[in-house]
Amino acid sequence: KAGVTQTPRYLIKTRGQQVTLSCSPISGHRSVSWYQQTPGQGLQFLFEYFSETQRNKGNFPGRFSGRQFSNSRSEMNVSTLELGDSALYLCASSAHRSDTQYFGPGTRLTVL
Amino acid sequence: DQQVKQNSPSLSVQEGRISILNCDYTNSMFDYFLWYKKYPAEGPTFLISISSIKDKNEDGRFTVFLNKSAKHLSLHIVPSQPGDSAVYFCAASHNSGNTPLVFGKGTRLSVIA
């Protein structure tokens, strides 16, 4: 089975712009979670989607949003980018909400 | 408030010896724990998990121990190999995995040949 794929792998944006990141889960997986990894904070939970519905949301401002499509693919969007949004954004999928999560390679976002 | 703590940012071990990575948690509601390994430029890779109904789980060279009374878990790697050099993250959740994973900040393991 193919693993979790994320596109793009690298992205450079400037402050104030917006960005959309994409995640394709492992085939058959219906739960998708997003995490932000920064050197100082480690991995922090952004949100979780299951069956196109947001099930959990982390402690991030409303500039961070996401959605899930009927084929379980997910996107996350960050509007009005700030320098502090520079991070590795990781997507993880699992077959069901309580199953082990498997991570993609991440999207490295740099905000200048 | 950090609910999952990995107090050692780094650890060096000689090849063939045992590596012990530690993790402490503060939330007594956590009932499911996992370890992930991460190489640079890759996403975390699942290693091993343990439910709070157990105190030990083994998978090959990897063993995770859970001490609920101390709110402590550890990952033992025996024997350590150079390919084990990576950052190791401890993660926890409650409601048997139905809540988001809370991660520690990671421990960088270096296995020296």
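Leaving out same-chain residues fewer than 8 places away, which lysines sit with a Cα under 22 Å from that of B:Lys105? Within the straight-line limit of under 22 Å, B:Lys105 reaches these lysines: A:Lys57, B:Lys5, B:Lys37, B:Lys38, B:Lys68, B:Lys71.
Take the Cα of B:Arg61, step 7 Å toward its Cβ, do the same at B:Leu11, and the gap between the two points is 1.4 nm.
Specify, per residue and in Å³, the volume enclosed by the convex hull of the alpha carbon atoms belonging to segment A:48-108.
For segment A:48-108, the hull spanned by Cα atoms encloses 96 Å³ per residue.
The smallest convex shape that holds all Cα atoms of segment A:7-112, its convex hull, gives 91 Å³ per residue. How much of the DSSP bridge set in chain A is antiparallel, in percent, rounded to the nearest 5? Approximately 90 percent, going by the DSSP bridge assignments.
Can you compute the FRET efficiency between A:Leu11 and A:Arg67 using 1/(1 + (r/R0)^6), with r the Cβ-Cβ distance and R0 = 30 Å? Round to the nearest 0.05.
0.95
Among residues other than B:Ser10 with Cβ under 13 Å from its Cβ, the summed charge is +2 (Lys and Arg +1, Asp and Glu -1).
Shown here: chain B, whose C-alpha atoms stretch 41, 27, 21 Å along the first, second and third principal axes, sorted largest to smallest.
Quick check: from the Cα gyration tensor, does segment B:1-51 come out rounded (a/c under 1.5), prolate or oblate? Here segment B:1-51 falls in the prolate category.
With both labels modelled 7 Å from their Cα along Cα-to-Cβ, the B:Phe46 to A:Thr38 distance reads 2.9 nm. Going from the fewest other Cβ atoms within 10 Å to the most, the residues B:Met29, A:Met76 appear in the order B:Met29, A:Met76. The HN-Hα couplings worked out from phi for segment B:77-92 by the Karplus form 6.51 cos²θ - 1.76 cosθ + 1.60 (θ = phi - 60°) are 10, 9, x, 6, 10, x, x, 7, 5, 5, 9, 10, 10, 9, 9, 9 Hz, whole numbers, x standing for Gly and Pro. Taking only the alpha carbons of the protein assembly as shown, we obtain Rg and Dmax values of 17.4, 51 Å in that order.
Exposure proxy check: A:Glu75, A:Glu48 ranked by fewest other beta carbons within 10 Å?
Ordered by Cβ neighbours within 10 Å, fewest first: A:Glu75, A:Glu48.
Each reported figure results from applying straightforward, stated rules to the coordinates on display, with no laboratory input. These figures come from a predicted structure and were not determined experimentally. Cβ sites come from the backbone with ideal geometry, for glycine too, and all protein chains shown count toward neighbours.
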